[in-house]
1. When the residues of the range 381-403 are narrowed to those that are among the hydrophobic types (A, V, I, L, M, F, W, C) and part of a loop (DSSP other than H, G, I, E, B), which ends up nearest to Arg150 (Cα to Cα)?
2. What pairs come up if the first residue lies in the range 383-395 and is farther than 9 Å from Phe108 by Cα and of a type in the set (Asp, Glu), the second is modelled with pLDDT of 95 or more and crowded, with 22+ Cβ neighbours inside 10 Å, and their beta carbons are under 8 Å apart, counting only those six or more places apart or on different chains?
3. Would you mind stating whether Asn208 is within 22 Å of Leu267 (Cβ to Cβ) and touching a Gly at 6+ places or on another chain (Cβ under 6 Å)?
4. As an exercise: evaluate Glu217 against (1) open to solvent by 20 Å² or more (accessible area, probe 1.4 Å); (2) touching a residue at least 40 places away in the same chain (Cβ under 8 Å); (3) in contact with a strand residue (DSSP E or B) (Cβ under 8 Å, 6 or more places away or on another chain) and give the number of the one condition it does not meet.
5. Which one of the conditions (1) assigned to a loop (DSSP other than H, G, I, E, B); (2) surrounded by fewer than 21 Cβ atoms within 10 Å (Cβ to Cβ); (3) in contact (Cβ under 8 Å) with a residue 12 or more places away in the chain does Glu288 fail to meet, given that it meets all the rest?
6. Taking the range 267-285 only, how many residues are of a type in the set (Val, Ile, Thr) and either assigned to a loop (DSSP other than H, G, I, E, B) or surrounded by fewer than 23 Cβ atoms within 10 Å (Cβ to Cβ) (or both)?
7. Would you say Leu409 is in contact with a helix residue (DSSP H, G or I) (Cβ under 8 Å, 6 or more places away or on another chain), of a type outside the set (Ser, Thr, Tyr) and without any contact (Cβ under 8 Å) to a residue 60 or more places away in the chain?
8. Read through the list (1) closer than 28 Å to Thr271 by Cβ; (2) open to solvent by 10 Å² or more (accessible area, probe 1.4 Å); (3) part of a helix (DSSP H, G or I); (4) out of contact with any strand residue (DSSP E or B) (no Cβ under 6 Å at 6 or more places or on another chain), then give the number of the only condition that Tyr146 fails.
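The values are calculated or read from the model by the stated rules, or taken from the named source; none is laboratory data. Bear in mind the structure is a predicted one, so any value in this text is a computation, not a measurement. As a convention, Cβ positions derive from the backbone with ideal geometry for all residues, glycine included, and neighbour counts pool all protein chains shown. Quick note on the areas: whole protein, heavy atoms, side chains included, nothing else; ligands and nucleic acids left out. Shrake-Rupley method; radii C 1.70, N 1.55, O 1.52, S 1.80 Å.
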Amino acid sequence: MQRWNRRKTHLHLLALLFVFFMVFTILHNEHSIRKIQETPDPEIRRRDASITFVKPNVLITRNGASEILDRFSKCNGTRDYSGRKISWSGRKPDSTNRRERSERCDVFSGKWVFDNTSYPLYNESKCPYMSDQLACHKHGRTDLRYQYWRWQPHGCNLKRWNIAEMWEKLRGKRLMFVGDSLNRGQWISMVCLLQSVIPADKKSMSPNAPLTIFRAEEYNATIEFLWAPLLVESNSDDPVNHRLDERIIRPDSVLKHSSEWEHADILVFNTYLWWRQGPVKLLWNGEENGACEELDGREAMELVMTTWADWVASRAIPLKKRVFFVTMSPTHLWSREWESGSEGNCYDEKTPIELESYWGSGSDQPTMRIVENVVEKLSSEVTVLNITQLSEYRKDGHPSIYRKFWEELSPQQLSNPASYSDCIHWCLPGVPDVWNELLFHFL
């Protein structure tokens, strides 16, 4: 009997030791898996150890004042890119919200339907804030079919535009578009979509400046545009004088622009076109000798997107601002991409492209993946307005020669649409109105 009791005691001890061993093993494995998930590849860990990470959006001053880039700024020499990266760690993606979004109808997938009953949503000549660069009918375009196309998603409907409802969404708020001239076109579209119901003595527009503001007094609301084509501080931040031989940016600071945009309630960002115009000079914040590094545009954009995301994660999300990012707006520079054998551009195009799988050279898909990867880290707090594919179909929607930019095109220029067509921006009313319908849909 005593021998049996001793054996029973030993069995209890062995069982306890086995349980302890199993718990230790599970905890050890979980810790190891977590470390592997954080940096899955040993080669990545070795490579990251050699990279210098820069903390973005830190105000650095000299002699009590910060140095601002402007169009007169120059680099004191240029050297190869050092490999510095932005240290923003991002946010864990919210898989639940992503799954819910994927189960809804994809309003960005669809086709253009001719609709001369509901469209256009406003009259070009009745909007006093229309830009001459986008007023195609005013500048000689007689074919107006580009105004009558409605975006129809597959399997569902886009929320129908309603001026009164949109103004109620904006009551007491600041809606600000931040970016380049394509975002400015979307801002002008929004103003034209909304201004008609505001009495003349209750609305106003500030003079053209880096920050231009449309005010509607009875709603205590503003619709604003901030010129920031590269999002970070740059020597191209003058909305008029920005055609420079050397493009210089501070890749680690949006603070110059965020001082303007941080007070808005709804923010609509874009950046893309300017990163396709050759290499960019990087002047890091606090660089003592003013020497620049040079980097390919797409890689520079990736740095900048991370700097922008750091501000969104640290400021916009905690303050519960609505943040939208508009994907790239495609160009239509080569008609051979949609009509084999032709040698034109967007000039004299009258109908959309019908091939739903169409992608032209005016959309850079690696750049889209950069945006997707950065925005995904912001969880569900940023809404992406994916206007790229739907705009790809609209080869007919550009001003081509029917526009004024500073001055009218000469007869010689008008007779040469192959060289002088604008196949980048969009006629209004037109494609940017649909971008704003999408914004309304998600608001």
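1. Restricting to residues being among the hydrophobic types (A, V, I, L, M, F, W, C) and part of a loop (DSSP other than H, G, I, E, B), the top hit is Ile387.
2. Glu392/Pro330
3. Spelling it out, it is not the case that Asn208 is within 22 Å of Leu267 (Cβ to Cβ) and touching a Gly at 6+ places or on another chain (Cβ under 6 Å).
4. The number of the failed condition is (2).
5. (3)
6. 1
7. Here the answer is yes, as Leu409 does meet what is asked.
8. That leaves (2) as the condition not met.
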